[in-house]
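Each remark here refers to the structure printed beneath this line.
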Amino acid sequence: QVQLVESGGGSVQAGGSLRLSCAASGHTYSSNCMAWFRQAPGKEREGVAAIATGSGSTYYADSVKGRFTISQDNAKNTVYLQMNSLKPEDTAMYYCAADGGNWCWGGPPYNYWGQGTQVTVSS
């Protein structure tokens, strides 16, 4: 069992930056994949970024590539999402997710989810 707690959400103006954190506890050694998803009103949930915790390989949605960076601090069992050059269309509830599988992007649904943190970008 893995518990995930997100933090760092808030309101920011377009062009600004925000850093989300996801602290993991429990059987964290079994979480081979960590990812950030988001869901905006009227839109389906979409994967934003993912990281293979063992290799450090990262994956990004085209909409955020070049602006967002996912990273990890294994000593703290924490995954981060650095969001730069934020746009109003980035406004969404952001969720941290973890999975024991080895296919971190485009694979089966993630098993563990955080409570979500709201990100609001105004123009």
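The values are calculated or read from the model by the stated rules, or taken from the named source; none is laboratory data. Quick caveat: nothing in here was measured; it's all calculated off a predicted structure. For neighbour counting, all protein chains shown are included, and Cβ atoms are generated from backbone atoms with ideal geometry for every residue, glycine included. Accessible surface is based on the protein model in full, side chains and every heavy atom, while ligands, DNA and RNA are left aside. Shrake-Rupley method; radii C 1.70, N 1.55, O 1.52, S 1.80 Å.
Here Y59, Y110 are screened, and the one residue that is touching a Gly at 6+ places or on another chain (Cβ under 9 Å), farther than 18 Å from L18 by Cβ and not in a strand (DSSP E or B) is Y110.
Pairs linking a residue in the range 97-117 that is of a type in the set (A, V, I, L, M) and at pLDDT 95 or above to a residue that is in a strand (DSSP E or B) and open to solvent by 90 Å² or more (accessible area, probe 1.4 Å), with Cβ atoms under 6 Å and 6 or more positions apart or on different chains, do not occur. Only residues that are among the basic types (K, R) and surrounded by 16 or more Cβ atoms within 10 Å (Cβ to Cβ) were counted in the range 1-59, giving 1. Restricting A35, A40, A14 to residues that are at pLDDT 95 or above, small (G, A, S) and under 24 Å from G100 (Cβ atoms) narrows the list to A35. The requirement of being closer than 19 Å to T28 by Cβ and part of a strand (DSSP E or B) is fulfilled nowhere in the range 82-94; no residue meets it.
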